[in-house]
1. Look through Leu686, Leu729, Leu695 and report the one residue that is hydrophobic (A, V, I, L, M, F, W, C), modelled with pLDDT under 85 and within 30 Å of His669 (Cα to Cα).
2. What are the pairs, 6+ residues apart or on separate chains, where a residue within segment 525-536 that is more than 10 Å from Arg510 (Cα to Cα) has its Cβ under 7 Å from a residue that is assigned to a helix (DSSP H, G or I) and among the acidic types (Asp, Glu)?
3. I'd like the full set of residues that are in a loop (DSSP other than H, G, I, E, B) and either open to solvent by 10 Å² or more (accessible area, probe 1.4 Å) or at pLDDT 70 or above (or both), limited to segment 208-253.
4. Identify the single condition in (1) of a type in the set (Ser, Thr, Tyr); (2) surrounded by fewer than 19 Cβ atoms within 10 Å (Cβ to Cβ); (3) touching a residue at least 24 places away in the same chain (Cβ under 8 Å); (4) under 30 Å from Lys182 (Cβ atoms) that Ser390 does not satisfy, given that it satisfies every other one.
5. Failed condition for Lys158, given (1) buried (at least 23 other Cβ atoms within 10 Å of the Cβ); (2) under 35 Å from the mean Cα position of the chain (by Cα); (3) modelled with pLDDT under 90; (4) outside any loop (DSSP other than H, G, I, E, B), with all others met?
6. Could you tell me which numbered condition Lys52 fails, if it satisfies all but one of (1) charged (D, E, K, R); (2) open to solvent by less than 70 Å² (accessible area, probe 1.4 Å); (3) at pLDDT below 80?
7. Just one of Leu315, Leu328, Leu346 is crowded, with 18+ Cβ neighbours inside 10 Å and modelled with pLDDT of 90 or more; which is it?
8. Taking segment 480-504, which residues are in contact (Cβ under 8 Å) with a residue 60 or more places away in the chain, surrounded by fewer than 19 Cβ atoms within 10 Å (Cβ to Cβ) and farther than 11 Å from Cys316 by Cα?
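The values are calculated or read from the model by the stated rules, or taken from the named source; none is laboratory data. These numbers were taken from a predicted model, which means no experiment stands behind them. All Cβ positions, glycine included, derive from the backbone under ideal geometry; neighbour counts span all protein chains shown. To get the accessible areas, we keep the full protein, side chains included, count just its heavy atoms, and leave off ligands, DNA and RNA. Shrake-Rupley method; radii C 1.70, N 1.55, O 1.52, S 1.80 Å.
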Amino acid sequence: MAGQKSPTEEYIEISIEEAIKRLSADLKTGLSMESVKERIRRTGYNEVPEKKQNSLLNFLKRFWGLTPWMLEITIALSYFLGRYVDLVVIAFLLFMNAVLSFFQEQQSSRAVESLKRKLNVKAKVLRDGNWSTIESRNLVPGDIVRVRKGDFVPADVKIIDENTEVDQSALTGESFAVEKTKEDILYSGSIIRKGEATGVVVSTGVQTYFGRTAQLVHIARPRMYVEEVITNLLKWLLSLVVVLLAVAFVISYIRGINLVEILPLALILLVSSIPVALPTMFTVTMALGSLELAKKGVLVTRLNASQDASMMDILCIDKTGTITLNQLSVADITAMDGYTKGDVVLYGALASSEANQDPIDIAFIAAAKQKELDTGEYDQISFTPFDPSSRRTESIVQKNNERIQVAKGAVTTLAALCGYDAGRISILETKIGEYAEKGYRTLAVAVERSGSRMELVGMAALYDAPRPESAKLIAELKELGITTKMLTGDSLSVANEIAKEAGIEGRIIRIAELKEIESSATKKATQVSEQSGGFAEIYPEDKYLIVKDFQKKAHIVGMTGDGVNDAPALRQAEVGIAVSNATDIAKGAASVVLTHEVLITGEYVIGAFEIVLLLFLIDFVTIAIATDNVRPARKPESWNIASMARVAVLLGMLIVAESFGLLYIGMSHLRLTSHTGLHTFVFDMLIFGGMFTILVVREKGYFWKSIPSKTLMAAISGDLVVTYIISTLGIPGLMPIPAGYVLLAMVWYFVWSFVVNDMFKVSILERFKADHRYQ
């Protein structure tokens, strides 16, 4: 749907008479009820339909994928080998992961629903010769409707008569209200600010610009970077299993061992290579991070957004309301005919009404207060708000028994009232052009005293000023390695001025220019978009497509916005940030279990039951890693699985060598066999080695550089105590061994981990000069 032409566009260029003819509309009586029913059957209701997913099928999808497949193969092997306890435990873990994932998705964004509610408004319509108020969902193309000040435009409407001024920032993000006259289009989602108009409905529901925005929100899907990391990690682990099994089969064949006897090894390798707690640990990590952000006023509605933020390298920022204040202010003043700049502001404020809450009125009143001009000396006798037909506001004020008429509005209109000829008006238009190049909107201010003609006091240039903190924030983002791209529906001149004030680097380009380049030279378009500082004159689907385009170029993209027009891009971005009182953001992420070689000893030194028990105990620690105190990076993070694997292999080789040393002591000096507690001893080795290794690899520097969280330390201590108890006392399936053997394994790994392995880790990381994030 993105990039396709809207049906509304067909009606932009044609006359109102041609539009009425095409739609078979009737200006006098409106549509008949029979015609309405037929059109509803043909075009549907004026709403955004939502495709309901089958909950059962959605749940069953949790059992399809690389991790579920590995677990399901393990369950089948357990059944084949008669390991029913293993089967039940693994099946339980598979089921619980599916349940957690399912319920997490059920709590996802409600953006589409909120957009649908926006469309659920009333509309005044002419049918069967009578005007009536109906639910806007019942509007159809060809309906004659009436809108007035304060109304929410319920569909795309082509104006038949009269003038009006509309706020369509919800659609385009434009700061200023837009004047609409006969034959112009009022877009669904706009709000009538001034005047009223009669029009004919040309598009409804998803065919409107507003409806297309809602549809984009529905189809937008961010790239799940964390899930890609998990999948890549699983591929590495699975590759390791395949290699080990291949080695096992070759050695077994050479030794004449029945290949069926290798199946228990396959079971052990599969179970130990599946990081069952990985999704849960990521989810807990993101949930805890979300809670911390919530305390600071940031609501995270998709858990992995906080993790993606650490890897984000491009931030697309909506201009209106995000970079700027979304409120007009006086940028510059030109005084005329002996008046001062203060006079322009004073009389402009007197021609305003604070109660009217008009953005332009508020701008002049605020400027008068800023300049400490005393408007309290004047009594406002009457006030006439802006009228699109007169193109000005007027007030009659009184001071010291003298009545004065003041006005502000369109420059050419007031200049003509003040008696300016064509030559002098041309000079004013030149000045207006200069202001327009900076993105300013120019108004004139005039005054008429008793017995004299109206005089032009001067002109005031208005604009939506950047927030005071915008330039500093953009500079800080640059220091963090994040490139900022400004997105706006405003004109190129407005965008250039704001970009300059906010310190945004790179050329701002029109979206039409980018599309033209893209159609002829894709590589050049990539270069242009990468080097640009932002894009102007864009619509909601353009923002969505820009975000998607950067994602295709392997960027982790953030998007900030505050309006409905930003919703599709917010949904598509890995990090969608809704500022102030706006829309949604979005989901979760990581940990690993290593396997040890077992063929060299000629027998299985550990069984599937011990591995399952190991996974069960380690899961508590894996999840507790989510609470750990990790030093944040100063640049966007990236997960290079291949590089991480190289570091892990080197450290892993050292740990394997240490483990074989202790295994040799256990089998040769302690005379342990599978019948005298060897499985329990190796179980202790894996637990103690794993726990102390976590404390080593959690920190890129020496292990004492940062202190683990209390929750992580409690989980590790709890696992050590439980392991000691069940190893010395024994449980069904785990033979007891002397306490001295247990303590030997604990001390062995304590010394090797914190003395040798920690120094080795720091050494190889410094040698690689790795900027990899393995925590």
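1. The unique qualifying residue is Leu686.
2. Sorted first by the residue in segment 525-536, then by its partner, the pairs are Ala525/Glu518; Ser529/Asp549.
3. Matches in segment 208-253: Thr208, Arg221, Pro222, Arg223, Met224.
4. (3)
5. For Lys158, the failing item is (3).
6. (2)
7. Answer to the selection: Leu346.
8. Scanning segment 480-504 gives Leu480, Gly481.
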